[in-house]
Each structure stands twice: as structure tokens, then as C-alpha cells.
2 protein chains.
Amino acid sequence: MTEPGKLSRRRLLGVVGAGAAVAGAGAAAGALTAQALSGDPVTTTSGAADAVPFHGRHQAGIITPAQDRMHFVALDVRTDDRAELVELLKDWTRAAERMTRGLEAKPDGAVGGLPEAAPADTGEALDLPASALTLTIGFGASLFDNRFGLADQLPPALAPLPAFPLDDLDPARSDGDICLQACANDPQVAVHAIRNLVRLGFGKVAVRWSQLGFGRTSSTSKTQATPRNLFGFKDGTRNLKAEEPDALAEHVWVGKADGPDWLVDGTYLVARRIRMHIEIWDRTPLAEQELIVGRTKGVGAPLGQVAEFDEPDLHVRGEGGIPVIAEDAHIRLASAEQLKGVRILRRGYNFTDGTDGLGHLDAGLFFVCFNKDSPTQFVPMQKALSSKDSMMEYLEHTGSGLFAVPPGVSENGHWGETLFHS
Amino acid sequence: MTEPGKLSRRRLLGVVGAGAAVAGAGAAAGALTAQALSGDPVTTTSGAADAVPFHGRHQAGIITPAQDRMHFVALDVRTDDRAELVELLKDWTRAAERMTRGLEAKPDGAVGGLPEAAPADTGEALDLPASALTLTIGFGASLFDNRFGLADQLPPALAPLPAFPLDDLDPARSDGDICLQACANDPQVAVHAIRNLVRLGFGKVAVRWSQLGFGRTSSTSKTQATPRNLFGFKDGTRNLKAEEPDALAEHVWVGKADGPDWLVDGTYLVARRIRMHIEIWDRTPLAEQELIVGRTKGVGAPLGQVAEFDEPDLHVRGEGGIPVIAEDAHIRLASAEQLKGVRILRRGYNFTDGTDGLGHLDAGLFFVCFNKDSPTQFVPMQKALSSKDSMMEYLEHTGSGLFAVPPGVSENGHWGETLFHS
């Protein structure tokens, strides 16, 4: 009853599938071309369907030009056995490397195995190309308790985030031992990847919370146009970009001088599920919206300037000496100028999760950022925003996570290899 | 602080936006070319970014080649004033027609209005093309109570669905006075459309429930490849297709002989939120999965046949006289042969809504189908499936809705015009 011969995603790449070739123009422009890796050659298609290299000094999915869709999951580890956890990290790495190349999670996958065995891949991405899939892992502070002998490896910068004013965090949407971020230009590819990784961890990890993001809200490459968030504004114009290696070294990548050693070339991921009260925002006058943001809504120019990428001038005053970019404007409070030079790499997604039970859509921004030292970067920025930003009236932080993101995987290495020395 | 001059989505169509040109190969092949409508000419882009005509004999979004993404919302009407409801239907129609052309919900939209007024469009789709957006309205039985004088217009076929074996319906995910289905090849465009329609209804309607679908699970045109559901199987191979007008007249479109008059050229939409217990399914052997479905997992051929579109032979027996397509196989129970010729037009989407709180992903199929008489089509099919289908072990119906879908809108007409005679 099974197919004659074996069938793999790679061999099916020529087949037109469900929403197969998603060619987001922005993503296409920035998509990396596939890199020949060991084993099967990668069949490349054009643009946003391409494969993103898995191995490297840093993990992919951080400065990779932000894909259009994401599926993020936080997991609790259910085993206390360090060896079992390391084995899982190795299994995951093999599967992740394969899936980012457009292959199934395991050889023989969905239909190539024995009929009397459960398939090694769940199959819903069988006909779909790599779609620029990236898989990125992070470790939460709770992984460094007494279960796995990691207590002395806990980075000080992984200390819990402080409570911010107006936080309304749901523990069921916060924290976790491990996070996995899947980004792709086809949501079915991202969901397939997370599902198969979770499946590989059956009995060893359990899903704590997850989040689907339907549209990116940041650019991480100068080749990408700036997308809009659900307030209708371009978001992330001044974001750090892949083309700024010096700034990335300064603000994102953990260096040898920063430590700990196992995290060198890694970074920290901060996730914040931010419910946006869009109904209230939508009743706010355009001029007030622009004052709150500090930019025009149309082209996204800083107030007082003309074009999106014009530098904001925080000192210009208008009639009556009132600053053109208000003292409590979002872009002022989040600016490096106001924060002693602090910058972060944002990589968030719009979400909508149904209804809040009160007649409104439960929608907002799944904020994700990467920085090399949250206590001196994300934390002061969020403190300033949560206490002074007039936008806070329309926002509600409902989930939070902080994860240490290890460096990229060496050839034949595995996720977490520098932490577990194995 | 606002832009000089007006800015419209149409004028921005050349701009590369966030995931702007989503060119799903399957959808592209089947996308309808934009039709010149009254007013502004439509700027067309290629493939899946195109506009789908809004006006016509039937509403769009039914036999339109299924787009890649959907946002579905069910609403409760909060006003008791018939005239106010009709006014809303007119407002909605104007906005829907504009948005399906890639324009903003209202002229002057997000940034062209007065600075001291709330913008007329929420703006997050400003830079995005039409993306084959369709908007489809349906009326639930509860709309025909005593509030709006519609009691004598209630179609008998809109009677509540019976309780099916194993139903586990959540009232908070079921029913509603009105449903709006937005389908598009870019989820941001679909979400923008629903949000702006909900906004236009502020104070008159409230969101009862909503569902985001990330990947289509059916083809509605012979130009499309068959997509896969979260069981990893091709779904909807034998679906009704846009290219079969006689079959659509027989099974989907309400005819003059069927009545009621106001619903002629309309149809009925059945929505079922089906949670799929994917973790259990994933542990099932391949051969058993294929027996349950009645098709091979790889190419999707009916068991006993070679290719996907081979006709299933329900009579073939194998060793020991056992039917090759089992008596309780999904495709046998759902087949027209088994159901006295009954067929339906399926148009469902995969979903994942986070976590179930028990360590599993809350994922499944948002089943949507269209038929001309649910009591003799969907109901007997679902009765057979829910009582005999061995797949039911892996499924849980958690939401349900039945809506009468009025015919298409005439030029200068509005949604529901035949029902409200206005």
C-alpha cells in the first residue's frame, strides 16, 4: 500500500504544492542562496523558496533577512537525564539541518519507511520547498537548575527580567527551559518544522506555550522594505541590519570579553507577547497616533523630516518651543540617543489569536529581539518605554521569555555543543 | 505632520512591502485576472497578488481558487434596529469591494484624512497588493429571530445542525448572527480586511469568535495542486471544482426550485473547527494511516490505484476477500457513491492556535464547506463519518457554525440586498 520506491521532499521540489513557492518580494530580495552541504545536493528554487545555510559561526534566524511567517515554541524539559537531553539535542540538530534544506525530518520520512512503522516525518510539508526555513534554539534560565549540572554555567545576563510597569504576564505564556524559533516564508513549513521537533522530543520535552506570527514587523537586512505593525505604522526602520557587522558585534553577538565561553558568538533572545488594543488605537486621531509614534504614518518619516530613513532630529522644536518629536514619543524613548547608545536587533511578528471573549480580536505584536546583554540593553529600553511611552496606553504585555542563544553549530556538531561539551 | 497629498494602497502598489508579493504557485496558476470596475482602474500585479472581482452572480470566495490564507470571524449583532443593520451591510459592501481591489477600506484611508480625525483605514495593509482577497458574508439562523423582521425568511435548511456522535463543541467557538470569511494569499491582507469590517461595525456588532487558517487544505480549481492537511495527506482530491458548473448547480448553488427566493444563487456555509490529535496520529503506522484514509500518503492515490486522480474502486478486494479500501475508510464514507450521490465543496484551512495546556499543540483543520442543502448533504456525510470513520479516533470537533450565504452583489447593490429588499 505504500509507494513504490522512496519519496523525499527534495525529489518533489519540482511539484507545485499548496502555496508552494511563496515569493515575498522583500524576502526574495534578501534571501540567501542555498549552500551546498554535505550529503544530498540541495535543489534550489528562486527567491523566498531557497534554503538558508544551517551551519555557521552564528545560528541562522537572527540576522537572516526576516522571513514572512514564524512559529515559536517554548518547551519544558521532562527528563532529568543529562545524556538523554544531549541525545535529543543531537537528534534535533540532524532534523533541523535537514528541514532547513527542504528535506524531511529524517531519511525515508513520511512514506519511505516500513508500512508497519509510524512514519519518520509527519508529511504535511512533503511537496513544499525549503521556503528559507531557519530554526534557532535558546536556553532559558530554568535549564540551569540542578537537573543537568549546568548551574555553574548560568550566564549572569540570563537573570530573570524585572517586572516592568503595567506588565500583565500570563505564566502559561512565559518562560520555558528551551525555545525553538522557526521562521519561513511558508507557514506550513514553519509549523511542520516545530511539530516534528516536538515529536522527536516526545517524553523528554512538553510544549509550554507557542505562538504563530503571520507577518514580520521588522527588517533585518537593508535589502528589505520596512513592514507595518498592527498600528499601521512602519516598524523597525532604525533596526540593526545584517549589513552592519561592527554594530552587530557591539550590540548582538556575545564576545570573548563578555562570556561565558560557551555563549561566545551567541546572543540572548527576548520574547514579549504584546497584546495591542487595536480598537482603541483605531479611534485615536491620526495626528495623535503620529505624535505617539514620532513618525508619519504614510512614508514613516521621523516627525520634522521627509523620508523614512532620514535621521530623527530629537532637538527640533516647533511652535511654542514644543519638541516636534514629543518627550514621550515611542521613537525618542527607544532611541540609542536617549539610551546611552543602546541598540537591539528586533525580529518580531504580528499575531492574531482569535477573540478575547469581549467582542474584540486578540491581536498584537509578538516582539522578539536579540541583544548581547539584556540587563543593559533590553531592560533599560523597556523600563523607559513601560514607564513613559504614551503608546503603553494601547499595549498589554501578556507573555515574556528570555533565552540564551548558543552560537552556530559546527559541521558534525550539535545545538548546545559548547554548553554540554559533548 | 501628515503626508503632503493623499496616499492610497493603489498608488503604493509598486512599492515592495512586507511579504508583499506572495506568489503561491498553485494559487498563481488559478488566480483570476483583475476586472476593470467602476471608478479607479485596478493596478494589476501578477499571479497571487491580483485582484478577484467582487461583483457577480455568486459571491467570491466560494469557487474562487482557494487562496493560501484565511481569517474567519463570526459576529453577534448588538443593535435591534433593522435600518442600522442594513446601513452597516451597505458600509461593509463598499469597504469590501474596495479592499478586494487592493484599496483602503475607505477613501483617504490611513493617512489622507484630517489630522484631528481617527484614520478611516487602519493602515497595516498600506503597501500590500490585493493578494486575491475575497470577502464572503453569511447569515446564521439567529439573525432570523424577532429583532429584524426576518422570521418568515428563515430557510428551513438553516435549521440547527444535529448533535453528531463525539461532538465536543464549545459555544464560544460556535454559531453567530453573521459570518465573514476573508481569504487572501497574504495573511496581513486578510487580517486587515476583517479588522476594518469589524471596526466599521463598532457598536453594532461584536466579535463572537474568529479563526486564522495558515494553509489551505482543499483545491477548488483544476488549476491547483492538492494541498496536504496536518495528517500529512493530500486532502480534497475529489472536491468539486470551479470548472464543473453542472455539478456546482446540482450541489452548491441554491436554485429557483430550491428557494427561498432571496437565497437563489447563494449557498450554505458549514464551518467545523476540528482539533486533530496529531501526536497520536503521528504514532500510528503508515499502513494504518493509509487504511484509515483510504489513500496512499505519498502521491495520494486511492488504495488499489496508482495516481492521485485515479477513480477509487470501492469494490476491489484483496487477500481473504477484505476490501482494499476498508469499510470504515474515510474516503469510502465520504464518497458520493456511499452517500447516494451527495457531494459538497470543501474549502478548509489548517490551523494552529498555540498550546492545549497539556504539552501538545492545539492544531487541526478549520473545515469549511459549501452546499445547497445541509440537511441532505453535509449532515448525512458527517453522520456517516462521525459514527463510522476510524479517523474519528484522532479528531475532536470543537466548534461549529451554519450560515446562509446570499448571492453575489449587484453593481451598486449590497450584501444581503435580496434578504432586506432595500
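I need the shape label for region A:177-282. Rule: rounded when a/c is under 1.5, else prolate if a/b > b/c, else oblate, with a, b, c from the alpha carbon gyration tensor.
Oblate, because a/c is 1.5 or more while a/b does not exceed b/c.
Placing dummy labels 7 Å off each Cα toward the beta-carbon, the span from B:D170 to A:E411 is 4.9 nm.
Neighbouring Cβ atoms within 10 Å as the yardstick, rank B:K256, A:K222 fewest first.
The fewest-first ordering by Cβ neighbours comes to B:K256, A:K222.
If Lys and Arg each add +1 and Asp and Glu each add -1, what is the summed charge of the other residues whose beta carbon sits under 10 Å from the beta carbon of B:T355? Charge balance in the 10 Å sphere: -1. Note on B:L114 and A:S390: with the Förster distance fixed at 22 Å, the Cβ-Cβ geometry gives a FRET efficiency of about 0.60. Protection proxy ranking for B:411-417, A:377-383, using the average of other Cβ atoms within 10 Å per residue and placing the highest first: A:377-383, B:411-417. Counts of other chain beta carbons within 10 angstrom of each beta carbon in peptide B:395-404 average 0. Among the chymotrypsin sites (Phe, Trp or Tyr not before Pro) in region A:254-317, those located in a DSSP loop and surrounded by at most 14 other Cβ atoms within 10 Å of their own Cβ are A:F309.
With viscosity set to 1.002 mPa s at 20 °C, what whole-number translational diffusion coefficient in µm²/s follows for region B:278-400 from Stokes-Einstein and a Kirkwood radius over Cα pairs? Don't jump to the answer; show the numbers that get you there.
Working: Rh = 15.9 Å.
Diffusion coefficient, whole number: 135 µm²/s.
Taking amide H atoms as placed 1.01 Å from N in the peptide plane, the amide H of B:D362 lies under 5 Å from those of B:D353, B:G354, B:T355, B:D356, each 5 or more residues away in sequence or on another chain. Take each residue in A:194-200, count the other chain C-beta atoms within 10 Å of its C-beta, and the mean is 3.
Computed 3J(HN,Hα) for region B:325-333, one whole-Hz value per residue from the Karplus formula 6.51 cos²θ - 1.76 cosθ + 1.60 where θ = phi - 60°, is 9, 4, 4, 10, 6, 4, 6, 5, 5, glycine and proline marked x.
Note on B:221-229: average number of Cβ atoms from other chains within 10 Å of each residue's Cβ is 4. With only Cα atoms counted, region A:54-121 has Rg and Dmax values of 14.9, 43 Å. In this assembly of identical copies, the label point of B:A83 (Cα plus 7 Å along Cα-to-Cβ) is separated from its counterparts by 8.1 nm, sorted shortest first.
Computed from backbone phi with θ = phi - 60° and the Karplus coefficients 6.51, -1.76 and 1.60, the 3J(HN,Hα) list for region B:132-141 is 6, 4, 10, 10, 10, 10, x, 10, x, 4 Hz; x is used for glycine and proline.
Give me the count of lysine pairs in chain B whose alpha carbons sit under 14 angstrom apart, restricted to pairs 8 or more positions apart or on different chains.
7
Start at zero, step by 10 Å, and the Cα-Cα distances of region B:134-234 spread as 11, 31, 37, 19, 2 percent across the bins.
Spatially, region A:98-159 and region B:395-422 are offset by 44 Å when compared through their Cα centroids. Summed over qualifying helices (DSSP H, 4 residues or more, each -39500 (n - 2.57)) and divided by its residue number, chain A shows a 222 nm mean residue ellipticity of -5000 deg cm²/dmol.
For B:P115, the point set 7 Å out from Cα toward Cβ sits 7.4 nm from its twins in the other copies, listed from shortest up. The calculated P(r) of region A:45-422, using every Cα pair and 20 Å bins from 0, goes 29, 57, 14, 1 in percent. The string of couplings for region A:94-109 from the Karplus curve (6.51, -1.76, 1.60, θ = phi - 60°) is 4, 5, 5, 4, 5, 5, 5, 8, x, 9, 6, 4, 9, x, 6, x Hz, one whole number per residue in order, with x for Gly and Pro. Which number do you get for Rg(Cα) / (2.2 N^0.38 Å) in the protein assembly as shown? That works out to 0.92 for the protein assembly as shown.
Amide H to amide H, with H built 1.01 Å from N, A:G348 comes under 5 Å of A:T217, A:S218, A:V368, counting only residues 5 or more places away or on other chains.
In nanometers and ordered shortest first, the copy-to-copy spacing of the A:G321 label point, defined 7 Å from Cα toward Cβ, is 10.2. Near the amide H of A:D68, within less than 5 Å, lie the amide hydrogens of A:A184, A:N185, all on another chain or at least 5 residues away, with H placed in the peptide plane.
Each reported figure results from applying straightforward, stated rules to the coordinates on display, with no laboratory input. This one's a predicted model, so the numbers in the text were calculated from it and none came from an experiment. Note that each Cβ is placed from the backbone with ideal geometry, even for glycine, and that neighbours are counted across all protein chains shown.
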